[in-house]
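Participant: My structure is below; once you've seen it, I'll send some questions.
Every number in this text was worked out from the coordinates using simple rules, so none of it is lab data. Everything numeric in this text was worked out from a predicted model, so none of it was measured. Every residue, glycine among them, receives a Cβ derived from its backbone with ideal geometry; neighbour counts consider all protein chains shown.
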Amino acid sequence: MSYEQAARDAGVDLDMPLLRAGNFDLVAQVDDVLFVSGSIALAPGGGGIAHIGRLGGGMDIEAGQASARGAAEAILASVHQHLGSLDEVLRVVRLTGYVASDPGFNAQPKVINGASDLMIEVFGEAGRHARSAIGVAELPLGASVEVEAIFQIKH
């Protein structure tokens, strides 16, 4: 099965409107490497941010995982829109996840599993990656999770 089809089967809207909140590129390409800017989970149809708040207080781990998955969906849409097809991806190299966290919350890796699991669901073994999961006090626009990614693509 193609990566494009796997993403669609996983419920990813590869043509979703993407949020750009500044003067930067969503994807920067250097040779066969894509650097994808930090992405957040968007409401269906691009109607704003899907998950707002901090983990450990009003938001539980499952909601955080859904937010991380949504951020990964936006990453996949960014890559698709940049390349024209996810089938140009060789592998996911790295994810860095930022989790808006209340003091004392230390389950950031569990939250970012929501993004990692989607990459493996879509790309199989090529979706395995290096990763960091970092707790922060706040994220842009009140988002609960932000994820950035690095991909290697076909040359």
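Participant: Could you give the angle, 0 to 90 degrees to the nearest 10, between helix 108-123's Cα long axis and the longest principal axis of the Cα atoms of the chain?
Facilitator: It is inclined by approximately 20 degrees.
Participant: Another question about this same structure. Quick one: Debye curve from the alpha-carbon atoms of the stretch 1-71 only, equal weights, vacuum; give me log10 I(q)/I(0) at q = 0.13, 0.24 Å⁻¹ to two decimals.
Facilitator: -0.50, -1.20
Participant: For the Cα atoms of the chain, what angle does the longest principal axis make with the long axis of helix 61-83, in degrees from 0 to 90, nearest 10?
Facilitator: For helix 61-83, the angle is close to 30 degrees.
Participant: Below 8 Å between Cα atoms, with a sequence gap of 6+, how large is the relative contact order for the chain in percent?
Facilitator: 33
Participant: Work out the length of the dipole vector of the stretch 3-155 about its Cα centre, built from +1 on the beta-carbon of each Lys and Arg and -1 on the beta-carbon of each Asp and Glu, and round it to the nearest 20 debye.
Facilitator: Rounded to the nearest 20 debye, it is 300 debye.
Participant: Pop out the Kirkwood hydrodynamic radius of the chain from its pairwise C-alpha distances, inverse of mean 1/r, in Å to one decimal.
Facilitator: 15.2
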